Amino acid sequence: EDQVTQSPEALRLQEGESSSLNCSYTVSGLRGLFWYRQDPGKGPEFLFTLYSAGEEKEKERLKATLTKKESFLHITAPKPEDSATYLCAVQARGETSGSRLTFGEGTQLTVNP
Amino acid sequence: NAGVTQTPKFRILKIGQSMTLQCTQDMNHNYMYWYRQDPGMGLKLIYYSVGAGITDKGEVPNGYNVSRSTTEDFPLRLELAAPSQTSVYFCASILRGLAGRADTQYFGPGTRLTVL
């Protein structure tokens, strides 16, 4: 069974204080690892897909990295508008998987001005 | 394109009532999904469909039914609402990636359901 564990559950930062969110996973053959951002009362918004260990992707103040067991979402010099819940999900290989996603419980990030 | 749309945005049901949550996408995506999200939790897959006329169960299908008669629509039916079904429901659809690459799911805005 595929599993995703995110830590910490909640993170409070001061504006400009860099940090990282962790996503540990077990999957029967990784097809892709996804990061989503979710604002209160809204649906998840796609950020990144990572496919293989060693891969990195960047978008503004966010950088996602991937190893064989975990992914990190690094936030550099965050701003209050980066406050949101960040969700990690994995998609397993296999034609019968229906491209389903298994989600972690998310990290709620608050950036104070 | 409007993307993935869901109706209603909010709904309060009494125990035992029935309702249908609507989901429509205008991107010609083949795959569609229904998730529920409880407070402080991640998303749990209820049902999914890989094409018109084809549906399959996810992690938490009990108490729900789905149908897929068209590519665009994927309604979720609650037959006998229970307090345990109080949650936020999200519909998603897939933009197929390149062969062998992961498929990105795009989500609707959600339906907030309360069962009293």
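The numbers here are math on the coordinates, done by the rules we state, and not lab data. Just so you know, these numbers come straight off a predicted model, no measurement behind them. Heads up, the Cβs are rebuilt from the backbone with ideal geometry, glycines too, and the neighbour counts pull from every protein chain shown.
Side notes on the structure shown:
- Beyond 25 Å in Cα-Cα separation lie the following of the pairs B:9/B:44; A:63/B:57; A:63/B:9; A:57/A:79: A:63/B:57; A:63/B:9.
- Once the C-beta distance of residue A:93 and residue B:14 is scaled by a Förster radius of 35 Å, the resulting FRET efficiency is 0.20 to the nearest 0.05.
- Considering only alpha-carbon pairs that sit under 8 angstrom and 6 or more positions apart, the relative contact order computed for chain B is 34 percent.
- Relative frequency of Cα-Cα separations exceeding 19 Å in the range B:1-58, percent: 44
- Simple spin-label estimate for residue A:22 and residue B:52 in nanometres, 7 Å along Cα-Cβ: 4.9
- Rounded FRET efficiency, nearest 0.05, which uses the C-beta distance separating residue B:73 from residue A:81 and R0 of 22 Å: 0.05
- Backbone HN-Hα couplings from phi across the range B:64-73 [Karplus 6.51/-1.76/1.60, Hz, Gly and Pro as x]: 10, 9, 9, 8, 9, 8, 10, 5, 7, 10
- Volume of the convex hull of the range B:63-116 (Cα atoms only), normalised per residue: 107 Å³.
- Checking every one of the GluC sites (Glu not before Pro) in the range A:25-113 against DSSP loop status and a limit of 13 other Cβ atoms within 10 Å picks out A:60.
- Percent RCO, i.e. relative contact order, over chain A, from Cα pairs under 8 Å lying at least 6 residues apart: 37
- Kirkwood-based Rg to Rh ratio, the protein assembly as shown, C-alpha trace: 0.97
- Volume in Å³ per residue [convex hull over Cα atoms, computed for the range A:55-109]: 104
- Each label point was placed 7 Å from the Cα along the Cα-to-Cβ direction; for residue B:62 and residue A:5 their separation is 2.6 nm.
- Net charge contributed by nearby residues that have their C-beta within less than 13 Å of residue A:34 (K/R +1, D/E -1): +1
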